[in-house]
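Trainee: Have a look at the structure that comes next, please.
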Amino acid sequence: MSAIIRSRIFSIISKRNRRFSSNVTANTLKEPIVSSSSLLNDQAPSPPTLPPPDVASGTEKKSWSFLKYGLIAALTGGVAAGGYATYACTLDEVDAKTKTLRASANYIVGDDASALDKFQALLYSAAMAVPAKSVELYLDLRKLAEEHIRGYTDPSSDKLLPDLHPLEQHVFTLVVDLNETLIYSDWKRDRGWRTFKRPGVDAFLEHLAQFYEIVVYSDQLSMYVDPIVDRLDSKHCIRYRLSRGATRYQDGKHYRDLVTLNRDPSRILYVSGNALESSLQPENCVPIKPWKLESDDTALVDLIPFLEYVARHRPPDIRPVLASYQGCDIAKEFIERSKEHQRRMQEQKQHGHFWRR
């Protein structure tokens, strides 16, 4: 029974499938066939083709990189030119050499010029504006920098000392160094810093203060110089004291510039254990042996006769006198010359007495 039912159900399903397939075939055959040309004619116009995104981004990157490297090259060239100008030329020389370039930024033509000439002048001025402004900026920055540096390298004033009293115009100025000339500073681990006074300092200062205007000129800081001079000069023989702020910094060293003392250079003597290495005016130097704690040192005392002789006889210019002692120990050479002078005077006296007889 069940087998008969299954066979009938199967036959019904197969009949329905045949009817569905026949309907689908008929419907598909009734649809018209359209040619490819009509399809192409009926379609809307296609949009313009765009380059792929990677190609566009690559082009933009190339243009930005070209602009970036161009700016870097321009800045590098400007910095190199500014560095060379700073090294090879002074500020005044750069100002004089670039005056024409800076004036070209304001190039104008007359009112009677043609429109083309006016347009060319406008283009030329616009093209030269950036270089001219760059040069002006360089000059301003260099001027500010040099003024700032000059505060550290140049003496604090063009006149380090006040004017001499009218009654003291004939007085010579004796400039004395501090370290290794009047004192010596030494440091040891067990006691730290100690300052020693050179033998003969008191006699040197007290005696020569009668004849000279004595000035201490050191390359140390004032916080070091002032306390030492206060203890060294209890009788106030030293009129003025100058420290590092009054020196001129040049080639990595602090030099004494005697021209800035506001004194006649022909009446200045500079006594130092390192005179020729520490002064910008070697023609005014009186070099002595640097003192480094030798107990039998007499350099200062030995120098007193020469300095007293100069102060008493007042030569019109001390520089030729010092040049005659160049390469010699001035104290010893002066004694030898004094003895020779006395011998000659004695011979002249004896010669005069001979003729009188």
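Trainee: Counting only residues that are of a type in the set (Ser, Thr, Tyr) and without any contact (Cβ under 8 Å) to a residue 60 or more places away in the chain, which one in region 207-236 is nearest to Leu258 (Cα to Cα)?
Mentor: Checking each candidate, the answer is Tyr217.
Trainee: Evaluate region 276-289: report whether one residue or more is exposed (fewer than 14 other Cβ atoms within 10 Å of the Cβ) and closer than 19 Å to Val216 by Cα.
Mentor: Yes, because at least one residue in region 276-289 is exposed (fewer than 14 other Cβ atoms within 10 Å of the Cβ) and closer than 19 Å to Val216 by Cα.
Trainee: A further question follows. Checking the structure you have, find out if any residue of region 105-112 is of a type in the set (Phe, Trp, Tyr), modelled with pLDDT of 70 or more and not assigned by TED's automatic domain parsing to the domain that holds Asn262. Let's see the steps before the verdict.
Mentor: Narrowing region 105-112 to residues of a type in the set (Phe, Trp, Tyr): 107.
With the extra rule that they be modelled with pLDDT of 70 or more, the set shrinks to none.
No, because not a single residue in region 105-112 is of a type in the set (Phe, Trp, Tyr), modelled with pLDDT of 70 or more and not assigned by TED's automatic domain parsing to the domain that holds Asn262.
Trainee: Can you tell me which of (1) over 19 Å from Asn179 (Cβ atoms); (2) modelled with pLDDT under 95; (3) buried (at least 16 other Cβ atoms within 10 Å of the Cβ) is the one Gly273 doesn't meet?
Mentor: Looking at each condition in turn, Gly273 falls short on (1).
Trainee: A further question follows. Output the residues belonging to region 290-320 that are more than 23 Å from Lys197 (Cα to Cα) and surrounded by 16 or more Cβ atoms within 10 Å (Cβ to Cβ).
Mentor: Val310, Ala311, Ile318, Arg319
Trainee: Could you tell me how many of the residues in region 170-202 are farther than 21 Å from Cys285 by Cα, more than 37 Å from the chain's Cα centre (by Cα) and either not in a strand (DSSP E or B) or not assigned by TED's automatic domain parsing to the domain that holds Arg312 (or both)?
Mentor: Qualifying residue count for the region: 4.
Trainee: Any residue in region 285-298 that is of a type in the set (A, V, I, L, M, F, W, C), part of a helix (DSSP H, G or I) and under 19 Å from Leu178 (Cα atoms)?
Mentor: No, there is no match, as no residue in region 285-298 is of a type in the set (A, V, I, L, M, F, W, C), part of a helix (DSSP H, G or I) and under 19 Å from Leu178 (Cα atoms).
Trainee: Also: Keeping to region 207-229, report how many residues are within 35 Å of the chain's Cα centre (by Cα) and either part of a loop (DSSP other than H, G, I, E, B) or farther than 22 Å from Asp302 by Cβ (or both).
Mentor: Pass one, region 207-229, residues within 35 Å of the chain's Cα centre (by Cα): 214-229.
Next, only the ones that are either part of a loop (DSSP other than H, G, I, E, B) or farther than 22 Å from Asp302 by Cβ (or both) stay: 218-229.
Counting residues in region 207-229 that are within 35 Å of the chain's Cα centre (by Cα) and either part of a loop (DSSP other than H, G, I, E, B) or farther than 22 Å from Asp302 by Cβ (or both) gives 12.
The values are calculated or read from the model by the stated rules, or taken from the named source; none is laboratory data. Keep in mind it's a predicted model, so treat the numbers as computed, not measured. Cβ atoms come from the backbone with ideal geometry, glycine included; neighbour counts cover every protein chain shown.
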